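Engineer: Okay, handing you the structure first.
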Amino acid sequence: MDYQRFFEEAIDQLHAEKRYRVFANLERIVGRFPRAIWRDGSEAREITVWCSNDYLGMGQHPDVIAAMQDAAGRMGSGAGGTRNISGTNHPLVELEHELADLHGKEAALVFTSGFISNEAAISTVARLLPDCLILSDELNHASMIEGVRRSGAEKKIFRHNDLAHLESLLAAAGPERAKLIVFESVYSMDGDVSPIEKIADLAGKYNAMTYIDEVHAVGMYGPRGGGITDREGLADRIDIIEGTLAKAFGTLGGYIAGRRAVVDAVRSYAPGFIFTTALPPAIAAAATASIRHLKHSQTERDAQQRQAKRAKDVLSAAGLPVMPSETHIVPVLVGDPELCKKASDRLLEIHGIYIQPINYPTVPRGTERLRITPTPFHSDELIGGLKDALLETWQALGIPFAPEKREAPASSERIVPLAVNKAGG
């Protein structure tokens with residue numbers, strides 16, 4: 001049997017569908033965020049990154065870097081093994097206390113990534129509940145879908161943010177059956193927000209547990225950076241809050257926060273936690289420094305929201321097809337996978353601007369887009385340069401402009417209506 005052929009054919013299929021992923025070789029420059037060095041073969045030049053999930057630039061904050069350097073100097077680079085084998089390094093203990101306090105919960109548990117925290121926590125919670133029914137928003141992240149799948153529990157998918165559909169599924173399950181509603185606060189590809197309070201109301205009415213993914217909201221919203229649940233005063237109404245340390249907090253790792261018994265059960269039963277090497281002390285210390293800073297500083301959040309709004313306004317006024325977004329996410333519709341990749345390549349090669357193309361299966365076919373994430377460090381001047389670069393790229397490639405401000409011939413219109421993502425993101 002020619003084993004190699006199967007792998008080559010799998011890769012060939014991605015190329016044929018115009019969704020083969022290429023990773024840019026980037027080197028961020030401390031103190032000059034969002035500037036970075038792009039290396040392409042023997043060439044190296046400075047570019048501007050417009051799609052980082054380091055939303056507030058905390059990955060290069062002096063306090064965060066100093067905490068990481070200090071911990072590494074005192075305790076070394078690694079954790080030494082799993083927490084069961086090697087114990088828990090003290091900075092990790094401090095980090096979990098900080099996270100529990102951030103969300104007003106009894107306890108928190110840190111994982112090596114946000115993907116693992118979702119996969120391990122959802123699957124473990126659902127397995128421990130007798131005859132659990134999981135109700136999952138259809139646009140949930142792949143990590144949540146994997147957690148649902150690994151749980152082995154029955155699942156029902158409710159239409160995105162559709163409260164009537166969710167209630168019908170809850171009512172059909174009956175009040176006595178164990179139920180877990182899993183959803184996100186900020187959906188990162190469209191930038192919309194879930195109706196958290198109304199979902200919590202339904203959970204109370206039908207006796208269900210709630211699990212919310214706040215990875216694109218922690219650090220970004222609320223008076224202390226606890227996410228949308230913090231902003232809306234709803235954290236106490238959610239059973240399990242999941243978040244990440246790798247986006248607004250600028251480091252690495254994922255976590256859950258909730259009642260002590262729930263968190264302890266996940267700690268004790270989840271293979272994805274038990275058998276994984278712990279987060280190194282330097283990373284834990286850096287994350288704690290970032291969280292502590294953002295609990296008391298609104299400066300970064302205010303500046304980020306201001307620049308995100310400005311970017312939306314400037315790009316929309318120029319006739320670019322900015323998709324509706326309630327949050328800091330600025331999606332610009334392309335609607336074709338090949339054009340999306342070409343636009344990304346042209347922006348990088350011609351304009352020195354890096355924006356990764358977002359294609360299927362991350363978003364539904366026909367809604368391929370560039371996902372822009374302005375930070376406090378993307379100045380008005382940089383936003384103006386981005387607008388000019390996008391206009392040149394749209395015109396050069398014949399990508400459709402927004403219908404109300406067409407700047408391309410009508411014959412080139414290829415805008416596809418937003419489709420429902422049955423795959424879940």
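Engineer: Could you list, in sequence order, the residues of the range 1-24 that are touching a residue at least 12 places away in the same chain (Cβ under 8 Å) and either over 27 Å from PRO374 (Cβ atoms) or more than 21 Å from the chain's Cα centre (by Cα) (or both)?
Structural biologist: Hits for the range 1-24 are GLU17, LYS18.
Engineer: Scan the range 113-137 for residues that are within 26 Å of PRO175 (Cβ to Cβ), surrounded by 23 or more Cβ atoms within 10 Å (Cβ to Cβ) and among the hydrophobic types (A, V, I, L, M, F, W, C) and report the count.
Structural biologist: 6
Engineer: Moving on to the next point. Can you tell me which of (1) open to solvent by 30 Å² or more (accessible area, probe 1.4 Å); (2) over 18 Å from ASN53 (Cβ atoms); (3) within 23 Å of the chain's Cα centre (by Cα) is the one GLY385 doesn't meet?
Structural biologist: (3)
Engineer: Is it true that some residue in the range 18-31 is of a type in the set (Val, Ile, Thr) and crowded, with 19+ Cβ neighbours inside 10 Å? If you could, list the steps in order and put the result at the bottom.
Structural biologist: Pass one, the range 18-31, residues of a type in the set (Val, Ile, Thr): 22, 29-30.
Okay, now just the ones that are also crowded, with 19+ Cβ neighbours inside 10 Å, so none.
There is no residue in the range 18-31 that is of a type in the set (Val, Ile, Thr) and crowded, with 19+ Cβ neighbours inside 10 Å.
Engineer: I'd like to check something: does the range 200-223 contain any residue that is open to solvent by less than 20 Å² (accessible area, probe 1.4 Å), on the phi < 0 side of the Ramachandran plot, acidic (Asp, Glu) and in contact with a Ser or Thr (Cβ under 6 Å, 6 or more places away or on another chain)?
Structural biologist: Quick first cut of the range 200-223, residues open to solvent by less than 20 Å² (accessible area, probe 1.4 Å) only: 200, 202-203, 208, 210-222.
The next check asks that each one be on the phi < 0 side of the Ramachandran plot; those that pass are 200, 202-203, 208, 210-218, 220-221.
With the extra rule that they be acidic (Asp, Glu), the set shrinks to 213-214.
So of that shortlist, the ones also in contact with a Ser or Thr (Cβ under 6 Å, 6 or more places away or on another chain) come out as 214.
Yes, the range 200-223 has at least one match.
Engineer: OK, next. Return the total of residues in the range 172-198 being of a type in the set (A, V, I, L, M), more than 17 Å from ASN118 (Cα to Cα) and out of contact with any Lys or Arg (no Cβ under 9 Å at 6 or more places or on another chain). Walk me through it before giving the result.
Structural biologist: Taking the range 172-198 first, the residues of a type in the set (A, V, I, L, M) are 172-173, 178, 180-182, 186, 189, 193, 196.
Okay, now just the ones that are also more than 17 Å from ASN118 (Cα to Cα), so 172-173, 178, 189, 193, 196.
Subset that is out of contact with any Lys or Arg (no Cβ under 9 Å at 6 or more places or on another chain): 178, 193.
Residues that pass the stated criteria total 2.
Engineer: For the range 337-362, how many residues are touching a residue at least 24 places away in the same chain (Cβ under 8 Å), open to solvent by 30 Å² or more (accessible area, probe 1.4 Å) and over 23 Å from the mean Cα position of the chain (by Cα)?
Structural biologist: So the answer is 5.
Engineer: Now for a different question. Only one residue in PRO400, PRO324 is in a loop (DSSP other than H, G, I, E, B) and either within 24 Å of GLY114 (Cα to Cα) or open to solvent by 20 Å² or more (accessible area, probe 1.4 Å) (or both). Which one? Give the derivation first.
Structural biologist: On the way: PRO400 fails: either within 24 Å of GLY114 (Cα to Cα) or open to solvent by 20 Å² or more (accessible area, probe 1.4 Å) (or both).
Exactly one residue qualifies, and that residue is PRO324.
Engineer: Just the residues that are open to solvent by less than 70 Å² (accessible area, probe 1.4 Å) and in a strand (DSSP E or B), please, taken from the range 36-57.
Structural biologist: Our first condition is that a residue be open to solvent by less than 70 Å² (accessible area, probe 1.4 Å); within the range 36-57, this holds for 36-38, 44-57.
Those that are open to solvent by less than 70 Å² (accessible area, probe 1.4 Å) and in a strand (DSSP E or B): ALA36, ILE37, TRP38, ALA44, ARG45, GLU46, ILE47, THR48, VAL49.
Engineer: Under the condition of being touching a residue at least 40 places away in the same chain (Cβ under 8 Å) and part of a loop (DSSP other than H, G, I, E, B), which residue from the range 138-177 is most open to solvent (accessible area, probe 1.4 Å)?
Structural biologist: Looking at residues that are touching a residue at least 40 places away in the same chain (Cβ under 8 Å) and part of a loop (DSSP other than H, G, I, E, B), I get ARG159.
Engineer: Still on this structure, I have one more. Exactly one condition in (1) part of a helix (DSSP H, G or I); (2) open to solvent by 30 Å² or more (accessible area, probe 1.4 Å) is not met by ARG365; state its number.
Structural biologist: (1)
Engineer: What is the one condition in (1) in contact (Cβ under 8 Å) with a residue 60 or more places away in the chain; (2) out of contact with any Ser or Thr (no Cβ under 9 Å at 6 or more places or on another chain); (3) assigned to a loop (DSSP other than H, G, I, E, B) that LEU315 does not satisfy?
Structural biologist: So LEU315 meets the others, but not (3).
Engineer: Among the residues of the range 99-112, which ones are in contact with a helix residue (DSSP H, G or I) (Cβ under 8 Å, 6 or more places away or on another chain) and crowded, with 19+ Cβ neighbours inside 10 Å?
Structural biologist: Those that are in contact with a helix residue (DSSP H, G or I) (Cβ under 8 Å, 6 or more places away or on another chain) and crowded, with 19+ Cβ neighbours inside 10 Å: LEU99, LEU102, HIS103, LYS105, ALA107, ALA108, LEU109, VAL110, PHE111.
Engineer: A further question on this structure: Within the range 95-115, is even one residue under 26 Å from GLY225 (Cβ atoms) and among the β-branched types (Val, Ile, Thr)? Spell out the reasoning first.
Structural biologist: Start the filter on the range 95-115 by keeping residues that are under 26 Å from GLY225 (Cβ atoms), which leaves 95-115.
Then drop every residue that is not among the β-branched types (Val, Ile, Thr), which leaves 110, 112.
Checked against the condition, which is being under 26 Å from GLY225 (Cβ atoms) and among the β-branched types (Val, Ile, Thr), the range 95-115 yields at least one hit.
Engineer: Of all residues in the range 121-137 being of a type in the set (Gly, Ala, Ser) and not in a strand (DSSP E or B), which is farthest from the chain's Cα centre (by Cα)? Working first, answer last.
Structural biologist: Within the range 121-137, the first condition is being of a type in the set (Gly, Ala, Ser), and the residues that meet it are 121, 123, 126, 136.
Now narrow it down to the ones that are not in a strand (DSSP E or B): 121, 123, 126.
Details: ALA121: 17, SER123: 20, ALA126: 23 Å.
Checked the range 121-137; the qualifying residue farthest from the chain's Cα centre (by Cα) is ALA126.
The values are calculated or read from the model by the stated rules, or taken from the named source; none is laboratory data. Quantities reported herein were computed from a predicted structural model and do not represent experimental measurements. Every residue, glycine as well, gets a Cβ built from its backbone with ideal geometry; the counts of neighbours run over all protein chains shown. These accessible areas exclude ligands, DNA and RNA; they are computed on the full protein's heavy atoms, side chains included. Shrake-Rupley method; radii C 1.70, N 1.55, O 1.52, S 1.80 Å.
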